[in-house]
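Participant: Here it is, the structure, as structure tokens.
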């Protein structure tokens, strides 16, 4: 089995969505993304993300990471925000997650000048937290992830 990592292209949208749906299932999350939504957001005129994929052939992906640029005035530069990182159960424990993150960072460095990675992990995802800890990720003390959902965004827009 020959493993290949590469930057995802628009024609990979269906396979990428299937991999991300696998991540959602693993986490017990809903999966609202659709192939056309991913295609438009990732490969439209103002791409909102990039993705690295891992494949062993033309079938389902064995790993994927989806990331976007982020800028920090505290850090004094650009980084990447990894919103999704997934390895198929058969590939876990073989270094694929590390390789996908390294590929995303290298692409982010080339594309946006990224010098750091930011991500969020569920408290209940003990294996993921151990993995990130082994790589040297640190909890950002004093910060909370916050989200304004679609209804909140609509209300904010109407308050103008």
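Computed from the coordinates by the stated procedures, all read-outs in this text should not be read as laboratory data. Note that this is a predicted model, so its numbers are computed, not measured. Every residue, glycine among them, receives a Cβ derived from its backbone with ideal geometry; neighbour counts consider all protein chains shown.
Participant: I'd like to check something: does the stretch 27-50 contain any residue that is in contact (Cβ under 8 Å) with a residue 12 or more places away in the chain, part of a helix (DSSP H, G or I), surrounded by 14 or more Cβ atoms within 10 Å (Cβ to Cβ) and out of contact with any helix residue (DSSP H, G or I) (no Cβ under 8 Å at 6 or more places or on another chain)?
Facilitator: yes
Participant: Within the set of pairs 6 or more residues apart or between chains, which connect a residue that is in contact (Cβ under 8 Å) with a residue 24 or more places away in the chain inside the stretch 1-16 to a residue that is part of a helix (DSSP H, G or I) and loosely packed, with under 13 Cβ neighbours inside 10 Å with Cβ atoms less than 8 Å apart?
Facilitator: 13/36
Participant: Right, something else. State the number of residues belonging to the stretch 61-119 that are over 22 Å from residue 27 (Cβ atoms), assigned to a strand (DSSP E or B), touching a residue at least 40 places away in the same chain (Cβ under 8 Å) and under 16 Å from the mean Cα position of the chain (by Cα).
Facilitator: Result for the stretch 61-119: 1.
Participant: Could you tell me which residue of the stretch 120-129 is farthest from residue 96 (Cα to Cα), considering only residues that are surrounded by 10 or more Cβ atoms within 10 Å (Cβ to Cβ) and in contact with a helix residue (DSSP H, G or I) (Cβ under 9 Å, 6 or more places away or on another chain)?
Facilitator: Selected residue: 122.
The rows are residues; the columns are (1) surrounded by 10 or more Cβ atoms within 10 Å (Cβ to Cβ); (2) touching a helix residue (DSSP H, G or I) at 6+ places or on another chain (Cβ under 7 Å).
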{"position": "74", "(1), (2)": "no, no"}
{"position": "82", "(1), (2)": "yes, yes"}
{"position": "97", "(1), (2)": "yes, yes"}
{"position": "106", "(1), (2)": "yes, no"}
{"position": "117", "(1), (2)": "yes, yes"}
{"position": "131", "(1), (2)": "yes, yes"}
{"position": "140", "(1), (2)": "yes, no"}
{"position": "152", "(1), (2)": "yes, no"}
